[in-house]
1. Among all residue pairs at least 6 apart or on different chains, which show Cβ distances below 9 Å where the first residue, located in region B:52-81, is surrounded by 10 or more Cβ atoms within 10 Å (Cβ to Cβ) and the second is hydroxyl-bearing (S, T, Y) and at pLDDT 90 or above?
2. Does any residue of region A:217-235 turn out to be touching a Leu at 6+ places or on another chain (Cβ under 6 Å), of a type outside the set (K, R) and within 14 Å of another protein chain (Cβ to nearest Cβ)?
3. Restricting the search to region B:106-159, which residues are crowded, with 19+ Cβ neighbours inside 10 Å, of a type in the set (A, V, I, L, M) and within 30 Å of B:P73 (Cα to Cα)?
4. Output the number of residues of region B:172-210 satisfying the condition of being in contact (Cβ under 8 Å) with a residue 24 or more places away in the chain and of a type in the set (S, T, N, Q).
5. State whether the residues of region A:72-94 include one that is part of a loop (DSSP other than H, G, I, E, B), of a type in the set (K, R) and in contact with a helix residue (DSSP H, G or I) (Cβ under 8 Å, 6 or more places away or on another chain).
6. Can you tell me which residue in region A:107-123 is farthest from the other protein chains (Cβ to nearest Cβ), limited to those that are without any contact (Cβ under 8 Å) to a residue 24 or more places away in the chain and out of contact with any Ser or Thr (no Cβ under 9 Å at 6 or more places or on another chain)?
7. So which helices (runs of 4 or more DSSP H) are wholly in region B:1-82 and hold at least 1 residues that are charged (D, E, K, R)?
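The values are calculated or read from the model by the stated rules, or taken from the named source; none is laboratory data. None of these values were measured; they are calculated from a predicted model. Positions of Cβ are generated from backbone atoms using ideal geometry, with glycine treated the same way; all protein chains shown enter the neighbour counts.
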Amino acid sequence: MNEVLPVIEVRDLHKSFDGVEVLKGIDFDVNRGQIISIIGSSGSGKSTLLRCINWLEEPDSGSIRIVGDRVGIRADGKTPMSEKELASVRARAAMVFQSFNLWPHLSVLHNVTEAPVHVQGVNKDEAIAQAEVWLERVGMLVKKDAYPWTLSGGQKQRVAIARALAMNPEVILFDEPTSALDPELVGEVQGVIGELAADNFTMVIVTHEMDFARTISNEVVFIDKGVVVEQAAPEKFFGDPDTERLRQFVSRYR
Amino acid sequence: MDWNAWITLFEGAWVTLWISGISIALGIVAGFGVAVLRNARIPVISKFLYYYISIIRATPMVTLVLFLFVTAPYLPIDIDRWIIAVAALTINTTAFNAEIWRSALATFSREQVEAAKAAGMTRRVMLRRIMLPQMMITSLPGLVNEMTLLIKSSPAIAMVGLADLTRITNRITAVTYEPLPPILAAAALYILMIGALVRLQRVADKYARRLAM
């Protein structure tokens, strides 16, 4: 049953900030195993869309479902979720932030075990064993006892990715994961995300890195002025776009 | 000063120490509660706490002690003067601590809060696991400062007849007719107490470096 439902289903999503409409009716699906990149110029609404998916921003209207379950609003379509309900649906989508957002008072290992132990109720030893597996995957196991302030940006982001993986989410949402990194550190983070892509983790990646979007994604979405302008496989998206707007946008990055 | 005078002086210091100590402990916890409640913006409670803090900040400790002392007889139960002293100091320090905690809440990293929400934490879990451990460190200098102010205003409890460190110097002088030695000795003891508290701030400094990402 779950296999046929989209992991994320966004319908007619609207969101305004101070009277300025940032999202103007977005429809957007992510299926299991898909890696979707969202590109668009600054202020196009792409980050807002991502942040609405786990209700960090509350949309004005429209619906979001994660594997069939409404986010933010109860099944009746109008009652806002209680804090507990919202927390549990949020945990099904993990997020990796532009500025890493690690918890500085916790070691690398405990950043990763925090949600499994204190949100999902996983046994502590089990959570540690699992966290070590994820840290090994992102190449940060050697730093498991280090504190975030001792790490480089690329290392922090790799820990943040392990933290996201440790929640066993249905989907990982990446909000410009390499934008805050020094250029020479971008590669190590993209490499880690690329390995996850090869293992068919379901991922949505908001990014400015065109080459990265092209090589990693099954589909690329172009958002401009609050609407989805075009969505296509990378070859078509970058090679033969349908719309003039995307053609112009892509050509600027050649 | 002879041995007896010193023993009397230490007894006074002990009164200051334990009454202040209990009030500090209660006041830190209660202050946190007040700050969280105010932050929750519950209509009537929020307004009430706002007035509580404003009034207490404007009220001298001596006045507060006297107020509790003269109103206590109207209560249906008998209230010990120790309780009046602890209550006065706690009511006072809670108000100041609440402001310290509130500013720590207000300035807490939005990024970390978002990471906690995205990880599925409820506000309660986030407060306990993410915010409080860091706020304890960032607030400690302010809290220690408030602790030292509390100890220094604690002689007000002599108004209800308790022989604290300052009050006791009068009693020693009444016997020895030499006011200076007991006052100097009392000052030295205050400095010791406050010096011990200031050491706490160094603990905060040690951990604060981690938090400055």
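1. B:Y52/B:T94; B:I53/B:T94; B:I56/B:T94; B:P60/B:S153; B:M61/B:S153; B:M61/B:S154; B:V62/B:S153; B:F67/B:T59
2. Taking every residue of region A:217-235 in turn, none turns out to be touching a Leu at 6+ places or on another chain (Cβ under 6 Å), of a type outside the set (K, R) and within 14 Å of another protein chain (Cβ to nearest Cβ).
3. Scanning region B:106-159 gives B:M147, B:L150, B:I151, B:A156, B:I157, B:A158, B:M159.
4. Qualifying residue count for the region: 2.
5. yes
6. Restricting to residues being without any contact (Cβ under 8 Å) to a residue 24 or more places away in the chain and out of contact with any Ser or Thr (no Cβ under 9 Å at 6 or more places or on another chain), the top hit is A:N123.
7. B:3-39, B:43-57
So that you can scan it fast, the table gives a plain yes or no per residue for (1) farther than 29 Å from A:S61 by Cα; (2) outside the structural domain of A:S42 (by TED's automatic domain parsing); (3) loosely packed, with under 15 Cβ neighbours inside 10 Å; (4) hydrophobic (A, V, I, L, M, F, W, C):
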| site | (1), (2), (3), (4) |
| --- | --- |
| A:H208 | no, no, no, no |
| A:E219 | no, no, no, no |
| A:F222 | no, no, no, yes |
| A:A232 | no, no, no, yes |
| A:K236 | yes, no, yes, no |
| A:F249 | no, no, no, yes |
| A:R252 | yes, no, yes, no |
